[in-house]
Amino acid sequence: MIRINLDVAIPESEIRFTFTRSPGPGGQNVNKVATTAVLSFDLAACAALSADQRARARRALGNRVNKDGILAIVCRVHRTQAANRRAALRRFIELLAAALKPPVPRRPTKPTRASKERRLAAKTRLSRRKSDRRFHLDGE
């Protein structure tokens, strides 16, 4: 089981890893060894998450989830397959934990008396500055 937060744990069987060769320069290691780790997780079919959690995660992860509901995380930072696998899993846990966090409700506030006075004073200053720019034809 992969622990996401206090309430959610996902079975390892729901996560799939594939490995490919990394692009770019690197010589023999890059050309011969499949070190890039691609973690795939079917968010739409996950039994460990409730429908509400799936919807919240889908909204929060946005375009990281494809149209079939699969979240894919690619990691090619390290030179070894095992290190890239660990990094991808760590990133998956961080992303899913952040996505499952319930949104903090907005608490409506009112402007303070001082902020109202500052706003009105700024408006008066700007108005005075603009009126001083006007061309006056008072016989001069």
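Things worth noting here:
- Some residue of segment 95-103 being surrounded by fewer than 10 Cβ atoms within 10 Å (Cβ to Cβ) and either in a helix (DSSP H, G or I) or modelled with pLDDT under 90 (or both): yes
- Sole residue being among the aliphatic types (A, V, I, L, M) and in contact with a Gly (Cβ under 8 Å, 6 or more places away or on another chain), chosen from Ala45, Ala87: Ala45
- In segment 109-131, the condition of being surrounded by 14 or more Cβ atoms within 10 Å (Cβ to Cβ) and in a loop (DSSP other than H, G, I, E, B) is met by no residue.
- Remark: pairs (first residue in segment 59-86, within 21 Å of Ile2 (Cβ to Cβ); second residue in a loop (DSSP other than H, G, I, E, B); Cβ separation under 6 Å; 6+ apart in sequence or on different chains) = Val65/Leu43; Gly69/Leu43; Gly69/Ala44; Leu71/Leu43; Gln81/Thr35; Asn84/Thr35; Asn84/His78.
- Among the residues of segment 75-83, not a single one is at negative phi, surrounded by 10 or more Cβ atoms within 10 Å (Cβ to Cβ), outside any strand (DSSP E or B) and touching a Cys at 6+ places or on another chain (Cβ under 6 Å).
The values are calculated or read from the model by the stated rules, or taken from the named source; none is laboratory data. Just so you know, these numbers come straight off a predicted model, no measurement behind them. With ideal geometry, Cβ positions are generated from the backbone for all residues, glycine too; neighbour counts draw on all protein chains shown.
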